[in-house]
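The structure under discussion appears below in the form of structure tokens.
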Amino acid sequence: MRLSQLFSRTLREAPADADAPSHRLLLRAGMIRQLMAGVYSFLPLGLRTLQRVEHIVREEMDAAGAQQVRLPAIVPSEPWKVTGRWDAYVEEDLLFTLHDRQDRELALGPTHEEIITPLVASEVESYRDLPVNAYQIQWKYRDEARPRSGLLRGREFLMKDAYSFDRDVDGLRESYRKMVDAYRAILTRCGLDFAQVEADPGLIGGDVNHEFMAPADVGEDLFVRCERGDYAANVEAAVAATPDEATGAPAERQDVPTPGASTIEAVATLLEVAPGETLKSMAYVVDGAPILVLVPGDRDVNEGKLRRLFSGSELRMFDTADFGRYGMVVGFTGPQDHDGVTIVADNRVRTRSDWITGANRADAHTKGIAPGRDFTIDRLEDIATVTDGDVCPRCGGGLTIGRSVEVGHTFQLGTRYSEPLKSTFVDDDGIERPLVMGCYGMGISRVIGAVVEQHNDDDGIVWPKALAPFQVVIVMANRDHAEVVARAESLYRVLTERGLDTALDDRDASAGVKFTDADLIGYPVQVVVGKRGIDGGTVDVKVRASGERSQAPVDNAVEAIVQALHAAP
Ligand code: ATP
Ligand code: MG
């Protein structure tokens, strides 16, 4: 492409409301433009990169035996009501809903389980037709509460969603394994550093699931990674090795006045102890009965784990009336001296026999509280948040917490959708059974944002060559120099003929502007054809990622460029 014909322009400054580095750089490079919050147009350069990701996704999905389809972006509400997800999405205000002229309720698809499941079931008759894996690359619509960071969290975004259909759980496991392998291959080819983590199922439901997390400071998700690389999990699902139980005699119980100290920090400061020496007692009501969840004071209750522990039950935190009803005092609650309250303790509660807890009356705490003697643990669970320095459950290595962006999510769904949607096949015994499903999402537009988060410097984007809009840019430094023009034009022709995606910067602009733009847009290889070089019979070749420059004889320029591209990441 001749950049003189490219209508998009680069910006020296990003709009003030562009928060994340990738958002700023994609705008400045002229790859995307915002239409409204979370909704973007892709300009020619941005679209080329988007298509490159799509191409990689398609190759790997096809290689894994998945078949591409295209489902409508506009979907009817009925199947969503059957699975119960209409209400779930409406409750979170995530759904873009609309009505047609017959007043039928419709939505713009936020994901497509409800559409693909009956579709595949209607094509597939018996177990002989299984397994099937169908995927699409389709725009998705979610009215996110906080669209932010450009492509990282849009309200319209491009997703690759795949759905596997098997006869049984063994089949599902095999389909799942293939998809996970394909995900790893795709993200590696896109040049992303990522970790596959065990995750919380959230709105989709189902059992085993993994997220593919790309570390980035702007990421909204926290994930836990072992320093030795053998364990990674979303904080919502993370577990750590259980520390040893306390030995030795329990301490003596003693009440101490703690006027006004109703938070862990206040108590710790007042009594001059570490927050980890205090016991946090969180009160909930589960199906109408009170429970206390105990964690060390330097941690929080992991809500994801708690929800899963009581899945199927109605769970809520105490309100003011509950405290009165069960004789507890806000900010001064302890697990001792209660009847009829179920105690759910984190494993770590057994590591001490001298906890400091609320005294169950205002303005007082009790020291020397010991599990077993002062209260009975009804359920011992891993229920606290994991923190930096915890011990890996697999190998004993150190765990660290980092920010990351979720670029992919894979689920073993089982019959969560096929059962309510009556999507069945006939098994070898002649009995109709629900299809056993997996679903696999990857945010194609989000991957672009994540790649830019990981690959940029002060001058701009540093595209991995697999995703760059063009692999090579030829900067025609002096348009008024006949030989420079002729050399640049001929290099452009030859490289293009050799199948390299090449841009020719033949704009009527200064060499300085062209260099700045080349760095900002982040072409992996930059070739400068300028007067001084040409007079000496050379062109300059620069690898964007390493900054390495070399001079190549004009006659050998093509080989030098091919080599530089080979060396580029
Ligand atoms: P998140 O927790 O980030 O909101 P999610 O868990 O709701 O995402 P899924 O339903 O698992 O998302 O969707 C599959 C994939 O689609 C995600 O892994 C992510 O890569 C992408 N995705 C989801 N929501 C968005 C969005 N608002 N903008 C861009 N990509 C998104
Ligand atoms: Mg997800």
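The values are calculated or read from the model by the stated rules, or taken from the named source; none is laboratory data. Quantities reported herein were computed from a predicted structural model and do not represent experimental measurements. Cβ: placed from backbone, ideal geometry, glycine included. Neighbour counts: every protein chain shown. Just the protein is used for accessible areas: all its heavy atoms, side chains included, with ligands, DNA and RNA removed. Shrake-Rupley method; radii C 1.70, N 1.55, O 1.52, S 1.80 Å.
List the residue pairs whose Cβ atoms are under 6 Å apart, where the first residue sits in segment 401-412 and is under 17 Å from ARG225 (Cα atoms), the second is within 13 Å of ligand 1 (Cβ to nearest atom) and among the basic types (Lys, Arg), and the two are 6 or more positions apart or on different chains.
Close Cβ pairs satisfying both conditions: VAL407/ARG446.
For segment 60-68, check the following and say yes or no: at least one residue is touching a Leu at 6+ places or on another chain (Cβ under 8 Å) and outside any helix (DSSP H, G or I).
Scanning segment 60-68, I find no residue that is touching a Leu at 6+ places or on another chain (Cβ under 8 Å) and outside any helix (DSSP H, G or I), so the answer is no.
Can you name the strands (runs of 3 or more DSSP E) wholly within segment 340-412 that have at least 1 residues being within 16 Å of ligand 1 (Cβ to nearest atom) and buried (at least 16 other Cβ atoms within 10 Å of the Cβ)?
none
Select from segment 488-519 the residues that are buried (at least 19 other Cβ atoms within 10 Å of the Cβ), under 19 Å from MET31 (Cβ atoms) and among the aliphatic types (A, V, I, L, M) and list them in ascending order.
ALA503, LEU504, ALA518
Can you tell me which of ALA238, ALA246 is more than 12 Å from ligand 1 (Cβ to nearest atom), over 30 Å from ALA364 (Cβ atoms), over 13 Å from the mean Cα position of the chain (by Cα) and at pLDDT 85 or above?
Being more than 12 Å from ligand 1 (Cβ to nearest atom), over 30 Å from ALA364 (Cβ atoms), over 13 Å from the mean Cα position of the chain (by Cα) and at pLDDT 85 or above holds for just one of ALA238, ALA246, which is ALA238.
What number of residues in segment 217-237 are within 16 Å of ligand 2 (Cβ to nearest atom) and assigned to a loop (DSSP other than H, G, I, E, B)?
Qualifying residue count, segment 217-237: 5.
Do we have SER8 as open to solvent by 10 Å² or more (accessible area, probe 1.4 Å) and out of contact with any His (no Cβ under 8 Å at 6 or more places or on another chain) here?
Considered against the rule, which asks whether it is open to solvent by 10 Å² or more (accessible area, probe 1.4 Å) and out of contact with any His (no Cβ under 8 Å at 6 or more places or on another chain), SER8 comes out as yes.
Out of all the residues in segment 423-440, is one or more of a type in the set (S, T, N, Q), more than 30 Å from GLU156 (Cβ to Cβ) and touching a Pro at 6+ places or on another chain (Cβ under 7 Å)?
So far as segment 423-440 goes, yes, one or more of its residues are of a type in the set (S, T, N, Q), more than 30 Å from GLU156 (Cβ to Cβ) and touching a Pro at 6+ places or on another chain (Cβ under 7 Å).
In this structure, is GLY408 more than 16 Å from ligand 2 (Cβ to nearest atom) and of a type in the set (Gly, Ala, Ser)?
no
Return the residues of segment 88-133 that are in a helix (DSSP H, G or I), at pLDDT below 95 and open to solvent by 20 Å² or more (accessible area, probe 1.4 Å); say none if nothing qualifies.
ALA88, VAL90, GLU91
Could you say whether any residue in segment 286-297 is closer than 25 Å to PRO259 by Cβ, crowded, with 18+ Cβ neighbours inside 10 Å and modelled with pLDDT under 95?
No, every residue in segment 286-297 fails to be closer than 25 Å to PRO259 by Cβ, crowded, with 18+ Cβ neighbours inside 10 Å and modelled with pLDDT under 95.
Quick one: ARG446 ticks every box in (1) more than 16 Å from ligand 1 (Cβ to nearest atom); (2) basic (Lys, Arg); (3) under 20 Å from MET179 (Cβ atoms) bar one, so which box is it?
Checking ARG446 against (1) more than 16 Å from ligand 1 (Cβ to nearest atom); (2) basic (Lys, Arg); (3) under 20 Å from MET179 (Cβ atoms), the one that fails is (1).
Residues being under 15 Å from ALA345 (Cα atoms) and part of a loop (DSSP other than H, G, I, E, B): count how many of those fall in segment 256-310.
6
Keeping to segment 217-240, report how many residues are surrounded by fewer than 16 Cβ atoms within 10 Å (Cβ to Cβ) and touching a strand residue (DSSP E or B) at 6+ places or on another chain (Cβ under 7 Å).
Selection size over segment 217-240: 2.
Here's the yes/no breakdown for (1) open to solvent by less than 10 Å² (accessible area, probe 1.4 Å); (2) modelled with pLDDT of 95 or more; (3) in contact with a helix residue (DSSP H, G or I) (Cβ under 9 Å, 6 or more places away or on another chain); (4) more than 16 Å from ligand 2 (Cβ to nearest atom):
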{"residue": "LEU435", "(1), (2), (3), (4)": "yes, yes, yes, yes"}
{"residue": "TYR440", "(1), (2), (3), (4)": "yes, yes, yes, no"}
{"residue": "ILE444", "(1), (2), (3), (4)": "yes, yes, yes, no"}
{"residue": "VAL452", "(1), (2), (3), (4)": "yes, yes, yes, yes"}
{"residue": "LYS465", "(1), (2), (3), (4)": "no, yes, yes, yes"}
{"residue": "PHE470", "(1), (2), (3), (4)": "yes, yes, yes, yes"}
{"residue": "ILE474", "(1), (2), (3), (4)": "yes, yes, yes, yes"}
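Since ASP457 meets every condition but one in (1) under 30 Å from ALA560 (Cβ atoms); (2) crowded, with 20+ Cβ neighbours inside 10 Å; (3) out of contact with any helix residue (DSSP H, G or I) (no Cβ under 8 Å at 6 or more places or on another chain), which condition does it not meet?
Going through (1) under 30 Å from ALA560 (Cβ atoms); (2) crowded, with 20+ Cβ neighbours inside 10 Å; (3) out of contact with any helix residue (DSSP H, G or I) (no Cβ under 8 Å at 6 or more places or on another chain) one by one, ASP457 breaks only (2).
In segment 134-170, how many residues are away from ligand 1 (no atom under 16 Å from the Cβ) and open to solvent by 20 Å² or more (accessible area, probe 1.4 Å)?
4
Name the one entry in ALA509, ALA503, ALA466, ALA518 that is hydrophobic (A, V, I, L, M, F, W, C), assigned to a loop (DSSP other than H, G, I, E, B) and under 20 Å from VAL562 (Cβ atoms).
The conditions single out ALA466.
Please state which of the following conditions ALA552 fails to meet, knowing it meets all the rest: (1) among the small types (Gly, Ala, Ser); (2) touching a Ser or Thr at 6+ places or on another chain (Cβ under 9 Å); (3) part of a helix (DSSP H, G or I).
Against the list (1) among the small types (Gly, Ala, Ser); (2) touching a Ser or Thr at 6+ places or on another chain (Cβ under 9 Å); (3) part of a helix (DSSP H, G or I), ALA552 comes up short only on (3).
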